[in-house]
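Visitor: Sharing a structure here in structure tokens format.
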Amino acid sequence: MTFKVAFFRHDLGQEEIESVAAALRHPVLTTGETVERFERRLADYLGCRHALAVTSCTGAMHLSLLGLGIGPGDEVITTPMTFIATSTAILEAGALPVFVDVEAETGNLDVAQIEAAITPRTKAILPVHLYGRMCDMVAMRQVAERHGLAIIEDAAHCLEGKEQGIRPAGASTTACFSFYATKNITCGEGGALATNDSELYQKLRLLRLHGMTRTGAERTEKGYQHWDMTVLGWKYNMSNIEAAILLPQMDRLERNLQRRQQLTDRYRALLSQVPGIRLLAAPAPESVHAHHLFPILVQGMERDQLVQELQSRGISVMVNYRPVHLTHYFAETFGYRKGRFPVAEQMGDTVVSLPLYPTMPEEDVTVVAQTIAALMAG
């Protein structure tokens, strides 16, 4: 299907082409100097000590759990209002995801409900900064410290975010990021984690590449020396080619964020008074919302009907997300039924993500908003 208003378009261009060409001229294509340059840029941007580039945000979360020794018999508190990978990373580590409902005004994990879900098996909290709005990390860290829990942030939507002066990785053990095809910076697939824990970082570097003490780049550039495998690791390392695509985008990060903010403000102005449409709460002026997605909640007609009507008119939209616990696998495996997490379920039944990307023309925002208003009016 061809859409006159796309849901997302990347802004990759000549800078990325030249960066990749330079990487291809280098003899090392795997994890090497280009990846290290990106990791330094990312750590500097976040204001943290270390960043580790990996193949996906899922891999970053999985490695974080493994690095903390979380596995069979352990529980990790998380949200059902997210992409499935938040929970499947916990399962892949051998632990059990324990869901807590979300806030109606933000869609983020409800910190006030976390303590009631803590058991002797709980080892960590894995919040999601949904749509680009950070959770209340101050309150969450207080809960975690009272109970001796780690915090692993799923910041796939929230590279640029800030809340109460805290950036991702500023109040947690690790923060995990996605560079998937539609993310605020992208290399098609890819991810990273950030941490201020130097000891954990060194462990995660080993776990990222099979537990080997020397990388392929080191063996190529410095000549062969015997290497060892000191832990059972995984194959999660990013290549220089992917890092080369990401590096030029770091220079546009703040400019693109400002543009998404402008488009979001336009959506809010046009949709705030449309009957049957509810918008999530706007962030405080001192906060930084990453504006990865712009969701609306449909209350005046069936959500799926609105999705179909918009698509039939050439406007591409998505649903982010239907709750994890009601997917077939989780319902069948763990016995979840509707009614367990009513706020997440209500959001999952009504949410629609509208087109949003930095090069989106403002007139397209107007077309989308006016079409929704006309459809809601009947």
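Visitor: Within segment 2-12, is even one residue of a type in the set (Gly, Ala, Ser), at pLDDT 95 or above and outside the structural domain of CYS158 (by TED's automatic domain parsing)? Give the steps one after another, and end with the answer.
Guide: Initially, segment 2-12 is screened for residues of a type in the set (Gly, Ala, Ser), giving 6.
Those left that are additionally at pLDDT 95 or above: 6.
Still in the list and also outside the structural domain of CYS158 (by TED's automatic domain parsing): 6.
Yes, that holds for at least one residue.
Visitor: State all residues of segment 209-252 that are among the small types (Gly, Ala, Ser) and closer than 16 Å to VAL20 by Cβ; if no residue qualifies, say none.
Guide: Step one: filter segment 209-252 for residues among the small types (Gly, Ala, Ser), giving 211, 216-217, 223, 233, 239, 243-244.
SER239, ALA243, ALA244, listed by residue number.
Visitor: Within segment 341-362, can one find any residue that is charged (D, E, K, R) and closer than 17 Å to THR79 by Cα?
Guide: Our first condition is that a residue be charged (D, E, K, R); within segment 341-362, this holds for 345, 349, 362.
Filter once more, keeping what is closer than 17 Å to THR79 by Cα: 345, 349.
Yes, that holds for at least one residue.
Visitor: Return the residues of segment 188-223 that are assigned to a loop (DSSP other than H, G, I, E, B) and under 18 Å from GLU33 (Cα atoms); say none if nothing qualifies. Reasoning before the result, please.
Guide: Pass one, segment 188-223, residues assigned to a loop (DSSP other than H, G, I, E, B): 188-190, 196-197, 210-211, 213-215, 223.
Within segment 188-223, GLY190, THR213, ARG214, THR215, GLY223 qualify.
Visitor: Which count do you get for residues in segment 13-54 that are closer than 18 Å to LEU193 by Cβ, of a type in the set (Gly, Ala, Ser) and part of a helix (DSSP H, G or I)?
Guide: 1
Visitor: Now for a separate question. Show the residue pairs meeting these rules: Cβ distance below 8 Å; 6+ apart or different chains; first residue within segment 211-235 and on the phi > 0 side of the Ramachandran plot; second residue part of a loop (DSSP other than H, G, I, E, B) and surrounded by fewer than 15 Cβ atoms within 10 Å (Cβ to Cβ).
Guide: Partner pairs satisfying both residue conditions: GLY211/THR230; GLY211/VAL231; GLY211/LEU232.
Visitor: From the list VAL54, VAL20, which one is within 28 Å of GLU254 (Cβ to Cβ), of a type in the set (A, V, I, L, M, F, W, C) and over 15 Å from the mean Cα position of the chain (by Cα)?
Guide: On the way: VAL54 fails: over 15 Å from the mean Cα position of the chain (by Cα).
Result of the check over VAL54, VAL20: VAL20.
Visitor: Whether any residue in segment 173-194 is over 18 Å from the mean Cα position of the chain (by Cα), surrounded by fewer than 14 Cβ atoms within 10 Å (Cβ to Cβ) and not assigned by TED's automatic domain parsing to the domain that holds PRO361 is what I want to check.
Guide: Taking segment 173-194 as the starting set, the residues that turn out to be over 18 Å from the mean Cα position of the chain (by Cα) are none.
No, segment 173-194 contains no residue that is over 18 Å from the mean Cα position of the chain (by Cα), surrounded by fewer than 14 Cβ atoms within 10 Å (Cβ to Cβ) and not assigned by TED's automatic domain parsing to the domain that holds PRO361.
Visitor: Further question on the same structure: What are the pairs with Cβ atoms under 7 angstrom where one residue, in segment 138-163, is in contact (Cβ under 8 Å) with a residue 40 or more places away in the chain and the other, located anywhere, is polar (S, T, N, Q) and assigned to a helix (DSSP H, G or I)? Sequence gap at least six, or different chains.
Guide: Here the result reads ILE152/SER64; ASP154/THR86, each pair linking segment 138-163 to a residue that is polar (S, T, N, Q) and assigned to a helix (DSSP H, G or I).
Visitor: Could you look through segment 103-129, keep only residues that are of a type outside the set (A, V, I, L, M, F, W, C) and assigned to a helix (DSSP H, G or I), and pick out the one that is surrounded by the most Cβ atoms within 10 Å (Cβ to Cβ)?
Guide: So the first thing to find is which residues in segment 103-129 are of a type outside the set (A, V, I, L, M, F, W, C), and the list is 103, 105-108, 110, 113, 115, 119-123, 127, 129.
Still in the list and also assigned to a helix (DSSP H, G or I): 113, 115.
Values: GLN113: 16, GLU115: 13.
The residue in question is GLN113.
Visitor: Looking at segment 155-166, can you tell me whether even one residue there is β-branched (Val, Ile, Thr) and either within 11 Å of the chain's Cα centre (by Cα) or assigned to a helix (DSSP H, G or I) (or both)? Talk me through it step by step, then tell me what you get.
Guide: Initial filter on segment 155-166 (β-branched (Val, Ile, Thr)): 166.
Those left that are additionally either within 11 Å of the chain's Cα centre (by Cα) or assigned to a helix (DSSP H, G or I) (or both): none.
No, the conditions are met nowhere in segment 155-166.
Visitor: A further question on this structure: Could you say whether any residue in segment 130-146 is touching a helix residue (DSSP H, G or I) at 6+ places or on another chain (Cβ under 9 Å) and part of a strand (DSSP E or B)?
Guide: Within segment 130-146, none of the residues are touching a helix residue (DSSP H, G or I) at 6+ places or on another chain (Cβ under 9 Å) and part of a strand (DSSP E or B).
Visitor: Given (1) in contact with a helix residue (DSSP H, G or I) (Cβ under 9 Å, 6 or more places away or on another chain); (2) outside the structural domain of THR58 (by TED's automatic domain parsing); (3) at pLDDT below 95, identify the lone condition not met by GLU286.
Guide: Every listed condition holds for GLU286 apart from (1).
Visitor: Which of (1) assigned to a strand (DSSP E or B); (2) surrounded by 24 or more Cβ atoms within 10 Å (Cβ to Cβ) does ILE151 not meet, given it meets every other one?
Guide: Among (1) assigned to a strand (DSSP E or B); (2) surrounded by 24 or more Cβ atoms within 10 Å (Cβ to Cβ), the lone unmet condition for ILE151 is (2).
Visitor: Something else now. Go over the candidates VAL111, VAL102 one by one and state the one that is in the same structural domain as CYS57 (by TED's automatic domain parsing) and free of Cβ contacts under 8 Å to residues at least 40 places away in the same chain. Let's see the steps before the verdict.
Guide: Values: VAL102 fails: free of Cβ contacts under 8 Å to residues at least 40 places away in the same chain.
None of the others qualify; the one that does is VAL111.
Visitor: Mind counting the residues in segment 289-314 that are within 25 Å of GLU160 (Cα to Cα) and either at pLDDT below 95 or not assigned by TED's automatic domain parsing to the domain that holds TYR357 (or both)? Before the answer, list the steps.
Guide: Quick first cut of segment 289-314, residues within 25 Å of GLU160 (Cα to Cα) only: 289-297.
Right, trim to either at pLDDT below 95 or not assigned by TED's automatic domain parsing to the domain that holds TYR357 (or both) and you get none.
Of the residues in segment 289-314, 0 are within 25 Å of GLU160 (Cα to Cα) and either at pLDDT below 95 or not assigned by TED's automatic domain parsing to the domain that holds TYR357 (or both).
Visitor: For HIS10, are the conditions met, namely being buried (at least 16 other Cβ atoms within 10 Å of the Cβ) and closer than 16 Å to ALA192 by Cβ?
Guide: Details: buried (at least 16 other Cβ atoms within 10 Å of the Cβ): yes; closer than 16 Å to ALA192 by Cβ: no.
Considered against the rule, which asks whether it is buried (at least 16 other Cβ atoms within 10 Å of the Cβ) and closer than 16 Å to ALA192 by Cβ, HIS10 comes out as no.
The values are calculated or read from the model by the stated rules, or taken from the named source; none is laboratory data. None of the values given here were measured: they were computed from a predicted structure. Cβ coordinates were reconstructed from backbone atoms using ideal geometry, including for glycine residues, and neighbour counts include every protein chain displayed.
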